[in-house]
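Note sheet for the following structure.
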Amino acid sequence: MTGGRPEVPVAVIGAGPRGLAVLGQLLAALGPGGPWEGTAAAVHLVEPEEAGAGRVWSPHQPAGLLMNTLAGHATAFPDASVRTPGPRLTGPTLLEWSREHHETGPLEPWEHPGRALMGRYLHWAYGEMLRRAPAGVRVVRHRTRATALARTPDGGLRVTLENGDGPLAVGAVVLATGHTDQREGPGDRELTGFAARHGLVRLPPGYPHEAALDRLEPGAEVLVRGLALNFFDQLTLLTSGRGGRFTQHPDGTPRYLPSGREPRIVAGSGRGVPYLARGQAPGAMPRGHRLRHFTGEHLERLLARGPGGVDFRTEVWPLIAREAGAAWYATALRL
Ligand SMILES: Cc1cc2nc3c(=O)[nH]c(=O)nc-3n(C[C@H](O)[C@H](O)[C@H](O)COP(=O)(O)OP(=O)(O)OC[C@H]3O[C@@H](n4cnc5c(N)ncnc54)[C@H](O)[C@@H]3O)c2cc1C
């Protein structure tokens, strides 16, 4: 009870960018001018990592792990382009925040900043939201994982926590758990078993900054499977992360100065070629793309059918594929 009013308990599980956005919208809806203004509420936020940043954007990861999106496109707060009804909890974009907080020199909109920097911004945004929480609303932080969710006989929900606190009895739960870990399949077990039998190290797929790369000895031959985003991160950690330096020859061609602590990397993938690196054009932001197929009009028509009335594979996916194709061909023609 808060001031005699019963408190509405809700839980948000996962506090990466999505959980953070949900928290911001909830606080705005409970605040001045919001549909639930004056309602007393307890918002239980369950997240084992730093709130706001979560696992992907851990502020503690090495600075060399970069965002694949541009600094000028990142924000933790809704801006004028968001058309949800009701009030919004607004705040600075990543760029504005980094300038206000004198982080790592001036950050330019066309740069790919470190994910740790983005994580510090997201965690700051979380603190800012707490500071601006309306009176009568408590945000209760649980630095642990949720391990079970069950319906109770009275129609409520029960969330079990790994650290033994709780369980939480709530009326509603938002699951914002993002990328979850892959369960080990037969293929993984075979590879792990093979590695164990031959005295080799196998590191399973996972988040780059959490991988036990220190188990890879300098000079050891290391086979890397996959040449996409995770590969670039591993490469960074195993080269500049081990003291090597990327520089240039006098003619401008790239040059790598090893530290001698690197393993020997043998990399491959099904396609056999790495993805193209994201371009970075100082002073220029990508032009963007005007939707032609995956439009609001199309979506509204599909949404009008109600829950269960739309087949993703035959009705939604083709619109997305056509849109991506249109963007690709438009760019190819322009170039
Ligand atoms: C390595 C990596 C790099 C990426 N880089 C970019 C990028 O550069 N740009 C970009 O736009 N996107 C990037 N992404 C995509 C990324 O998923 C999104 O940007 C964004 O983080 C998604 O937000 P989210 O809150 O939905 O999920 P997440 O950020 O994944 O957050 C989910 C949170 O839920 C928590 N959680 C999970 N299970 C539980 C549980 N049982 N109990 C409690 N908490 C739980 C996790 O700890 C995690 O913090 C990247 C993803 C990965 C994996």
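The values are calculated or read from the model by the stated rules, or taken from the named source; none is laboratory data. Here the structure is a predicted model, which means the values were calculated and not measured. Here the Cβ is made from the backbone with ideal geometry for all residues, glycine too, and neighbour counts use every protein chain on show. Quick note on the areas: whole protein, heavy atoms, side chains included, nothing else; ligands and nucleic acids left out. Shrake-Rupley method; radii C 1.70, N 1.55, O 1.52, S 1.80 Å.
General observations
- Only helices enter the 222 nm calculation for the chain: every DSSP H run of n ≥ 4 contributes -39,500 (n - 2.57), and dividing by all residues gives -8000 deg cm²/dmol, rounded to 500.
- Springs join every pair of Cα atoms under 10 Å in this Gaussian network model of the chain, and among PRO218, PRO85, PRO263 the largest mean-square fluctuation is at PRO85.
- Gain upon complete extension [SER81, VAL266; 0.36 nm per residue less C-alpha separation]: 62.1 nm
- Calculated FRET value between ARG225 and THR180, using beta carbons and R₀ = 25 Å, to 0.05: 0.75
- Cα pair distances exceeding 30 angstrom across the range 8-175, given as percent: 21 percent
- Once the Cα-Cα distance is subtracted from the 0.36 nm per residue extended length, the ASP311 to HIS298 segment shows a gain of 3.3 nm.
- Split the accessible area of the range 4-64 by element, probe 1.4 Å, and carbon with sulfur accounts for 64%.
- Mean shadow area of the range 1-97, taken as a quarter of the surface of its Cα convex hull (nm²): 7.7 nm²
- On the principal axes of its alpha carbon atoms, the range 180-300 extends 58, 49, 25 Å, with the longest extent given first.
- Highest to lowest packing among 241-252, 6-17, scored as the average C-beta count within 10 Å: 6-17, 241-252
- The slack between HIS112 and ARG245, meaning 0.36 nm per residue of separation minus the straight C-alpha distance, is 46.0 nm.
- For the chain, convex hull volume per residue from C-alpha positions, Å³: 214 Å³
- Dipole axis of the chain (+1 Lys, Arg; -1 Asp, Glu on Cβ), positive-most option in LEU157, GLY34, GLY187: GLY187
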